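Quick note: the coordinates plus some simple rules give every number you see, no bench work behind them. None of these values were measured; they are calculated from a predicted model. A quick note on method: Cβ atoms are made from the backbone with ideal geometry, for glycine too, and the neighbour counts reach across all protein chains shown.
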Amino acid sequence: MSLTVTVLGATGSIGRSTTDLLAQHAGRFRVGALVGGKDAAALAKLALEMRPDFAALADESAGPALAEALTGSGIPNGAGEDAVLEAVAREADIVVAAVSGAAGLKPTHAALRLGRTIALANKESLVCAGDAFMRDAARYGARILPVDSEHNALAQAMGDGRVSDIAKMTLTASGGPFRTWAQERIAAASPAEAAAHPTWSMGMKINIDSASLMNKGLELIEAHHLFGIEAARLDVIVHPQSIVHGLIAWRDGAVTAGLAMPDMRVPIAHCLGLGDRLEIARGRPLDLATTGSLTFEPADEARFPCLRVARAALAEGGAAPTVMNAANEIAVAAFIRGAIPFYGIAELVERACERFAPVYVRAPEDVEEALAIDAEVRAWSLEAVPQARAAG
Ligand SMILES: NC(=O)C1=CN([C@@H]2O[C@H](COP(=O)(O)OP(=O)(O)OC[C@H]3O[C@@H](n4cnc5c(N)ncnc54)[C@H](OP(=O)(O)O)[C@@H]3O)[C@@H](O)[C@H]2O)C=CC1
Ligand SMILES: CC(=O)[C@@H](O)[C@H](O)COP(=O)(O)O
Ligand SMILES: [Mn+2]
């Protein structure tokens, strides 16, 4: 019997890698709902290829374009928040959560409340509302499978080991496009330069996060929630080849690691396989002899202050990660549209963390509270953008 897979963020980078795998293994999977943000043409094209049970866009105003593009196809569709929730409510064995940003939290949490198996790429859900999210996953019997390459590699490296036996869990970072750049050059970097990731093909927001190393900061917080491990036993190391994705040093000195070519279909296939290993057509097998050297170096928090800010938010706990994530999303969007320089991102995020630290001390009790804090910090950060520009 085939498994039904719903994809949130279907038209994005992770969404496309997922539907590529679903198409390759059409006998094993059927497509439940496909959900996108606002790109009606892209979702309609994908829906015509994949024949889902339902297609939905978050942006209500894009609904008529989607409906028109799917006229005569027989594919039910809709737009707006209710349509997205209707998509989530459709029967599914696996929900791939691949919306970008905290916008993914509500639909992913709705799937979680239905007790679904969730292949989670949307790390911002965990950064925004990690405690409540993981608590509700347990409460509603939802299984969370990590898609993020480092966390998936770490889950595989864990085997049946115990978290209490871990001495150190290390996430690798490619170092991003500015790994070897001097601080002055980074300060003047353009959005196009920041988006030129050296090893992975990804969406715009995560590309900028990788360039600032905020992505690795988000991932430390993600690992804390996924594995239930505290900050003191979490580490980051720069590994420019992106072949080793995560390492676990055990208390007896043994180290297990997860390796693969930098292709997101590998961790996605691991999640979709639910214990079976799926073949990936057109995948490049890892060949260490031709790869040559695997190199490692420490992360430089002076040139990449976002990593320092994220570590501080993780150490502080409470609502600090919620605040940090919201400010970062506004700052990244401001950088992309040219409103602030690259280091304006770290500056704005740090100011937001300082501003809100005394206001929100404890962790959000539920997802609704997390989203309320998120909205308040976004509004404040938007107001602060011109000041950040002057300061930068
Ligand atoms: N790309 C990668 O290799 C990796 C990504 N991740 C994580 O996965 C997530 C997705 O990343 P990526 O695929 O790169 O992002 P993309 O920007 O490529 O895709 C984002 C997707 O989300 C959709 N979307 C945007 N806003 C909404 C909304 N409000 N409701 C529903 N859908 C929405 C977009 O639709 P539309 O285009 O119509 O707006 C698009 O389908 C992120 O959290 C990222 O950190 C983690 C590891 C690796
Ligand atoms: C593919 C993936 O998992 C990304 O999150 C990746 O980690 C980004 O590369 P960086 O290591 O440069 O952040
Ligand atoms: Mn990652």
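Quick notes on this one:
- Normalised contact order of region 317-392, rounded percent, pairs of Cα under 8 Å and 6 or more residues apart: 49 percent
- Of all lysines in the structure, the ones whose alpha carbon falls short of 26 Å from that of residue 205, not counting any fewer than 8 places away in one chain, are 38, 45, 106, 123, 216.
- Shape descriptor for region 37-89: Rg over Rh equals 0.91 (Cα atoms; Rh from the Kirkwood inverse mean 1/r).
- Rounded to the nearest 500, the 222 nm mean residue ellipticity of the chain from helices alone is -14500 deg cm²/dmol, with -39,500 (n - 2.57) taken per DSSP H run of at least 4 residues.
- Scoring 249-260, 286-297, 204-215, 120-131 by mean Cβ neighbours within 10 Å over their residues and listing the highest first yields 120-131, 204-215, 249-260, 286-297.
- Subtracting the Cα-Cα distance of residue 182 and residue 302 from 0.36 nm times their residue separation leaves 42.1 nm of extension gain.
- Environment charge of residue 66, counting only residues whose C-beta is closer than 10 Å and scoring Lys/Arg +1, Asp/Glu -1: -2
- Spatially, region 91-165 and region 1-70 are offset by 20 Å when compared through their Cα centroids.
- Near residue 174, the amide H atoms lying under 5 Å from its own belong to 239; only residues 5 or more places off or on other chains count, and H is placed 1.01 Å from N.
- Separation between Cα centres of region 263-331 and region 179-205, rounded to whole Å: 16 Å
- Neighbourhood charge, 13 Å Cβ-Cβ cut-off, centred on residue 50 and excluding it, Lys, Arg +1 and Asp, Glu -1: +1
- Couplings 3J(HN,Hα) of region 156-162, computed from phi: 6, 5, 5, x, 9, x, 9 Hz, in residue order, whole Hz [Karplus 6.51 cos²θ - 1.76 cosθ + 1.60, θ = phi - 60°; x for Gly and Pro].
- Cα gyration tensor shape for the chain, rounded if a/c is under 1.5, else prolate or oblate: rounded
- Extension gain, residue 73 to residue 256, is 61.0 nm, computed as 0.36 nm per intervening residue step minus the present C-alpha separation.
- Summing +1 for each Lys or Arg and -1 for each Asp or Glu among the other residues whose beta-carbon sits under 11 angstrom from that of residue 76 gives -1.
- Of all DSSP beta bridges confined to the chain, the antiparallel ones make up roughly 30%.
- Ordering of 48-55, 325-332 by packing is 325-332, 48-55, highest average first (other Cβ atoms within 10 Å, averaged per residue).
- Think of the chain as a dipole: +1 on every Lys or Arg Cβ, -1 on every Asp or Glu Cβ, centred on the Cα centre; then among 79, 281, 58, 281 lies furthest on the positive end.
- Full-stretch length increase - residue 376, residue 230 - with 0.36 nm per residue and alpha-carbon distance subtracted: 49.8 nm
- Residue ranges 22-30, 240-248, 142-150 sort as 142-150, 240-248, 22-30 when ordered by packing (mean number of other C-beta atoms within 10 Å per residue, highest first).
- Relative contact order (%) - the chain, alpha-carbon pairs under 8 angstrom, separation at least six: 15 percent
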